[in-house]
1. When you look at ALA155, is it closer than 17 Å to GLU268 by Cα, of a type in the set (A, V, I, L, M) and at pLDDT below 95, yes or no?
2. What is the one condition in (1) out of contact with any Gly (no Cβ under 7 Å at 6 or more places or on another chain); (2) at pLDDT 95 or above that ILE218 does not satisfy?
3. For a quick check of your reading: which strands (runs of 3 or more DSSP E) sit entirely within the stretch 88-143 and have at least 3 residues that are under 16 Å from ARG191 (Cβ atoms)?
4. Restricting to the stretch 118-127, and then to whatever is in contact with a Gly (Cβ under 8 Å, 6 or more places away or on another chain) and surrounded by fewer than 20 Cβ atoms within 10 Å (Cβ to Cβ), can you tell me which residue is farthest from ASP73 (Cα to Cα)?
5. Which residues, counting only those in the stretch 58-83, are in contact with a helix residue (DSSP H, G or I) (Cβ under 7 Å, 6 or more places away or on another chain) and of a type outside the set (Asp, Glu)?
6. What single numbered condition from (1) closer than 30 Å to ALA161 by Cβ; (2) of a type in the set (Phe, Trp, Tyr); (3) buried (at least 20 other Cβ atoms within 10 Å of the Cβ) fails to hold for TYR285?
7. Among the residues in the stretch 233-244, are any part of a loop (DSSP other than H, G, I, E, B), surrounded by 17 or more Cβ atoms within 10 Å (Cβ to Cβ) and modelled with pLDDT of 95 or more?
8. Can you name the condition, by its number, that VAL69 falls short on among (1) in contact with a Lys or Arg (Cβ under 8 Å, 6 or more places away or on another chain); (2) not in a helix (DSSP H, G or I)?
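The values are calculated or read from the model by the stated rules, or taken from the named source; none is laboratory data. All values reported here derive from a predicted model rather than from experimental measurement. Note that we place each Cβ from the backbone using ideal geometry, even for glycine, and neighbour counts take in every protein chain shown.
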Amino acid sequence: MQPIPSSPSKTPSRFLAALLLSATVALAAPADLNPPLKVMSFNIRYATANDGTNSWPHRHYLLRETIQVFDPDLLGLQEVLQSQADYLRQHFPDYGFHGVGRDDGRTGGEYVPLMWKRDRFEWQDAGHFWLSETPEVPGSVSWDSSLTRMVSWVALRDRHADDRTLIVANTHWDHRGVAARRESARLIRQRMETDAAAYPIILMGDFNTTEADEPYAILVHAQGFTGRKLTDTHRVIHPERSPNEATYNGWRATRKGSRIDWILHSSEFTTLNAGINYTQENGRYPSDHYPVEAVLRLNR
């Protein structure tokens with residue numbers, strides 16, 4: 001691809017969430033089915049934010065545990081600074097890592113990196129593009145975007161699924177620019193249809209917009225385009241919208257609001273399970289976003 005209101009649970013929710021989402025993978029898949037694929041998207045909040053008791057040094061262990069318990073095959077992260085990238089590489093040595101800083105295409109600014117289990121996937125190709133009118137220019141900004149935004153993508157051969165190659169992309173859209181989010185959706189859709197049309201696709205990230213908005217329609221329903229529609233994993237498992245589906249929590253136990261973090265996929269996959277992970281420890285959260293998770297199967 002060149003491409004709530006509710007109080008914190010008293011249950012040890014990181015374990016419960018993992019058990020619920022992992023229930024579909026408890027038994028080995030029949031020989032005529034590919035094995036399940038576990039995907040997580042997680043905005044981890046940048047390490048230099050002045051968040052007091054929620055600052056990175058006070059929560060990185062809980063974030064690490066949250067990832068470890070779900071044990072994703074594919075992991076997309078947002079708001080990752082270089083120091084956090086180093087931490088993730090250190091604590092997840094069995095994963096490949098692909099990402100660069102959005103400001104300079106090297107180490108400056110936030111990453112939207114992808115990680116994958118090396119024992120399942122073989123790296124084939126990878127790249128980045130910026131969400132601007134000059135997408136190959138690192139650090140470029142266009143439209144009404146308040147900050148530099150980008151996409152990182154990787155092509156992986158799945159050793160457990162007939163050695164097929166899939167494209168996995170991760171992004172973080174602007175939180176202010178309405179036009180920027182619309183144009184970001186169009187640019188990603190164009191790349192999907194021109195450079196990734198022959199491959200199964202997983203797209204995840206923090207989109208800073210809801211399913212009621214135009215960018216969602218562009219991506220999911222191919223509004224204004226002729227290419228493949230995408231499936232919203234959460235909506236497959238939870239078909240009715242709820243007023244308590246927020247994925248941004250602001251360090252509180254709130255669930256009131258709409259999802260802005262999604263995992264989407266092309267028709268080559270089937271969604272087996274999906275949900276929002278409410279892991280917390282004594283009312284404290286690993287990030288100001290809840291991670292979102294999905295269990296997929298690549299169809300034969």
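1. no
2. The failed condition is (1).
3. Filter on the stretch 88-143 gives 121-130.
4. TRP123
5. HIS60, ARG64, THR66, VAL69, PHE70, LEU75
6. (1) is the only condition that TYR285 fails.
7. no
8. Result: VAL69 passes all but (2).
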